[in-house]
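What follows is one structure encoded as structure tokens, with my remarks underneath.
The values are calculated or read from the model by the stated rules, or taken from the named source; none is laboratory data. The shown structure was predicted, so the numbers you read here are calculated from the model rather than taken from an experiment. Counting neighbours? That spans all protein chains shown, and the Cβs are built from the backbone with ideal geometry, glycine included. Accessible surface is based on the protein model in full, side chains and every heavy atom, while ligands, DNA and RNA are left aside. Shrake-Rupley method; radii C 1.70, N 1.55, O 1.52, S 1.80 Å.
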Amino acid sequence: MTARLLYFKRYRMEIDLANTPIAIPELPGGYVWGEWDEADVERHALVKHRSFRDELDSDVFPSLGEYFGCVRLMHEISQQESFLGPATWLIVYCGAGGMAEDCGTIQGLGPTEQIGSVQNVGVVPEHRGLGLGRALILKSLHGFGLARRRRVILEVTASNRPAVELYRSIGFRTVRTMYRTVVLDDIVS
């Protein structure tokens, strides 16, 4: 038996907060910010799952394609010593009839005193194209600034052109190209 492998090209991108002006994040009408509360782990996980389950990133990171994988991932992220609440946000849509729907999520880590790390920017499909991804990144960058991080990094799959272009438009630059190996399944040779 041999394993079938796929290789995904990924970029590590970085922004220098000390020398890059960061715009004030704006949300469209009907949308509000949900600041971090540890009781919201499952809310973040559900948005993460809805955002990634049918996307390329669930092939690169299979846990993103499963609800319980997203719950486990959110618990792991939020329990890290380097977790940064000020860089972690939900976006909530307050629709007609007073129904609230979580539709965007971002998490932040501070692996060193100088560096922040963006984790899993997700917007559910039915709320895309409204600038919510940009707003999440900007809101998180302001949170990293409050936590005194001077640089912020993230990783993105190179073929996710909309995300790469979004990050570049905000001021991120590619600092490294990497390849992630994914074992698809065992096949008989």
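At-a-glance table
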{"read-out": "Globularity index of the chain, i.e. its alpha-carbon radius of gyration over 2.2 N^0.38 Å", "value": "1.04"}
{"read-out": "Most fluctuating residue given options Asp57, Asp37, Asp102, as computed from a GNM of the chain linking Cα atoms under 10 Å", "value": "Asp37"}
{"read-out": "DSSP bridge pairs, the range 102-180: antiparallel proportion in percent, nearest 5", "value": "60 percent"}
{"read-out": "Exposure rank, largest accessible area first [Ile106, Ile153; 1.4 Å]", "value": "Ile153, Ile106"}
{"read-out": "Euclidean distance between Cα centres, the range 112-151 to the range 12-88, Å", "value": "8 Å"}
{"read-out": "Neighbour cut-off at most 13 other Cβ (10 Å), DSSP loop, GluC sites (Glu not before Pro), the range 1-72", "value": "Glu26"}
{"read-out": "Shape call, the range 14-65: gyration tensor on alpha carbons, a/c limit 1.5", "value": "oblate"}
{"read-out": "Solvent-accessible surface ranking, highest first, for Asp59, Asp16, Asp54 at 1.4 angstrom", "value": "Asp54, Asp59, Asp16"}
{"read-out": "Where Thr157, Thr181 fall by accessible area, highest first, once all protein chains stay in place (1.4 Å)", "value": "Thr181, Thr157"}
